[in-house]
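The values are calculated or read from the model by the stated rules, or taken from the named source; none is laboratory data. What you see is a predicted model, and the numbers here were worked out from it, not measured in a lab. Cβ atoms come from the backbone with ideal geometry, glycine included; neighbour counts cover every protein chain shown. For accessibility, only protein heavy atoms count, side chains too; no ligands or nucleic acids. Shrake-Rupley method; radii C 1.70, N 1.55, O 1.52, S 1.80 Å.
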Amino acid sequence: MTTVSGTRVDVISRDVLPPHSSIVVSARLAVTVEGAEGVVDLTGELRRIVADSGTAEGSLHIYCGHTTCGLVVNERDGGLDLDMGEVLERIAPHSSKHHYAHDKLRTPAERLVHGERDNGHSHARAMVATHPELSIPITSGALYLGRWQAVMLAEFDGPRTRELLARVHTALPPTTTGSTASA
Amino acid sequence: MTTVSGTRVDVISRDVLPPHSSIVVSARLAVTVEGAEGVVDLTGELRRIVADSGTAEGSLHIYCGHTTCGLVVNERDGGLDLDMGEVLERIAPHSSKHHYAHDKLRTPAERLVHGERDNGHSHARAMVATHPELSIPITSGALYLGRWQAVMLAEFDGPRTRELLARVHTALPPTTTGSTASA
Amino acid sequence: MTTVSGTRVDVISRDVLPPHSSIVVSARLAVTVEGAEGVVDLTGELRRIVADSGTAEGSLHIYCGHTTCGLVVNERDGGLDLDMGEVLERIAPHSSKHHYAHDKLRTPAERLVHGERDNGHSHARAMVATHPELSIPITSGALYLGRWQAVMLAEFDGPRTRELLARVHTALPPTTTGSTASA
């Protein structure tokens, strides 16, 4: 578990997989941002998942099943958060003066079902600035991230708790290794 | 086949793969948008491909081999289409007053070879707002999409028919299963 | 090796992988851009890596471990480079009048450690316009790229030499093929 100024990452469950699966770990992460917008650094938790899996060569796949937040790979830096806020305000403004069709066209009944505050700008920001999924290589037992790279969830519609799926794919499947060892 | 207001998705062919391949389905989709811009929802067709494949654990990879359209994962909503149109007009305007070097620098001969109308803005929009490829997890036999997520082709240079490659990768290769079954 | 007007791509090393690995090639590429910004076409080198690997069905994964450059798939065209420069100047301006928090908030000591010129705009441009990683299908022994598609590194913080990791994943693992052949 990692807590960074009002944010939180937890592994909430692990799926059971057949022993000969090339996916060796499938973990659900709960990620909480307590403000309306915020960035959560997932790097530490993801490195732990890879290390615990004992995978030497393969890749980590991360999937974000949401439409108003997404994944970013960049430097973890408070200055950059401010800069991206400015860039995104230019691209997809969020102010009481700017109205999105996504928000305006909803009926009160639809609003009730969707349980949504206005979030047209959040959808647009997620589409332009984030990725719904990422594959990161695992080499020599560790995540192959660049020196300045962090893997982050960027939230544009908080406060919310989001679920991510993180799966470790091995390039050396257990049964193959097993049958070699038994030979 | 799915038809949504002037758009159309068809599986046009399936590649033959060796029986022990970890890619168990490789399908070519033809996607048609009849307007100059438009969004086609691929979700139903992709769910069917995954269900028909009988794959329990793995992933679906979708590849878009084009440069003026691309893949988007977000909510399927007419309001959002209007909003993204506005966002993209801000980023990469499309008007008779705005000229792109991509369009201006072409000779008439090049235009003939490329068979292109002006589409500088289409290239820019595809680069900023879409993905050329996506991997979506398959868990317990189904696509792992979030409640509000749809997988869409966003066309910026229509009307055209595009070809996508959708491939199902299993984490439980047939031969491994086969040898287990024969034991 | 490919040289395109002040840019350069080289395979600098190949990782040794176990013989039964589903990753059959893991190559490090050094990519140099000699200007402050520039685009390097990687397509030729990537096609060669795939052809040399002898892989019939699978995928090529490319990972960029940097935060101020990234990968782009689009048409290779000088006009488009100019257009994207204009689009990105609109989104994340680079001028002596525009100041980024990422640059302003650094202490002289931090600047020394990071060895950085001002590059707030470079981070923002990489986030909005590029991908940190790409998976491209390999079908019938070749990269499945569209007719107009090129795979490029877009540099926003040059001159620099960057390292990319390119790995070929086969869907027909050698040991499986081997055991079938020996039967």
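Whole number please: convex hull volume per residue of the Cα set in segment C:77-172, in Å³? Walk me through the intermediate numbers first.
Numbers: hull volume 13.8 nm³, N = 96.
Considering the Cα atoms of segment C:77-172, their hull volume per residue is 144 Å³.
Answer rounded, prolate or oblate for the protein assembly as shown, using the Cα gyration tensor with square roots of eigenvalues a ≥ b ≥ c: rounded when a/c is under 1.5, else prolate when a/b is larger than b/c, else oblate. Don't skip to the answer; put the middle values down first.
Working: a/c = 1.28, a/b = 1.28, b/c = 1.00.
In terms of gyration-tensor shape, rounded.
In terms of its C-alpha gyration tensor, segment A:2-170 has a prolate overall shape, because the principal axis ratio a/c (a ≥ b ≥ c, square roots of the eigenvalues) is not below 1.5 and a/b outweighs b/c.
Per residue of A:46-56, how many C-beta atoms from partner chains lie within 10 Å of its own C-beta, taken as a mean?
Average per residue, whole number: 0.
Take each peptide in A:129-137, B:118-126, count the other Cβ atoms within 10 Å of every residue, and average; sorted highest first, the result is B:118-126, A:129-137.
Taking each residue of B:58-67 in turn, how many C-beta atoms of other protein chains fall within 10 Å of its C-beta, and what is the average?
Values: counts 5, 8, 0, 4, 1, 11, 3, 9, 7, 11.
That average works out to 6.
Ordering C:78-88, A:162-172 by mean Cβ neighbour count within 10 Å, with the highest value first, yields A:162-172, C:78-88. Only Cα pairs under 8 Å and 6+ residues apart enter the sum, and on that basis the relative contact order of chain A stands at 43 percent. Residues of segment A:138-155 buried by at least 30 Å² of accessible area upon assembly of all protein chains, compared with the chain on its own (1.4 Å probe): A:Thr139, A:Tyr144, A:Trp148, A:Gln149. Plainly put, the tip 7 Å out from Cα toward Cβ on A:Ala30 is 4.9, 4.9 nm from that tip on each other copy, the closest given first.
Any chance you could give the angle, 0 to 90 degrees and rounded to 10, that helix C:78-91 forms with the longest Cα principal axis of chain C? For C:78-91 against chain C, the angle is about 50 degrees. Which of the trypsin sites (Lys or Arg not before Pro) across segment A:87-117 are loop residues per DSSP, with 13 or fewer other Cβ within 10 Å? Taking segment A:87-117 and a limit of 13 other Cβ atoms within 10 Å, the loop trypsin sites (Lys or Arg not before Pro) found are A:Lys97, A:Arg117.
Given q = 0.26 Å⁻¹, what are the Debye log10 I(q)/I(0) values for segment A:29-96, with equal point scatterers placed on the Cα positions and solvent ignored? Calculated log10 I(q)/I(0) at the listed q: -1.40. If you line up the long axis of helix B:43-53 against the longest principal axis of chain B, both from Cα atoms, how many degrees apart are they, to the nearest 10? On a 0 to 90 degree scale, this one is about 30.
What is the mean number of Cβ atoms from other protein chains located within 10 Å of the Cβ atom of each residue in peptide A:71-83, rounded to a whole number? Can you show the working numbers first?
On the way: counts 1, 2, 11, 9, 8, 1, 7, 3, 9, 9, 2, 6, 13.
Mean inter-chain Cβ contacts per residue within 10 Å come to 6.
Summing -39500 (n - 2.57) over the DSSP H runs of n ≥ 4 in the protein assembly as shown and dividing by its residue number, what mean residue ellipticity at 222 nm do you reach, to the nearest 500 deg cm²/dmol?
-8500 deg cm²/dmol
Between the alpha-carbon centres of segment B:104-125 and segment C:69-142 there is a gap of 25 Å.
With +1 on the Cβ of every Lys and Arg and -1 on the Cβ of every Asp and Glu, and nothing else charged, how large is the dipole of chain B about its Cα centre, in debye rounded to the nearest 20?
Numbers: 17 positive and 22 negative charges, 58 e Å.
Once rounded to the nearest 20, the dipole reads 280 debye.
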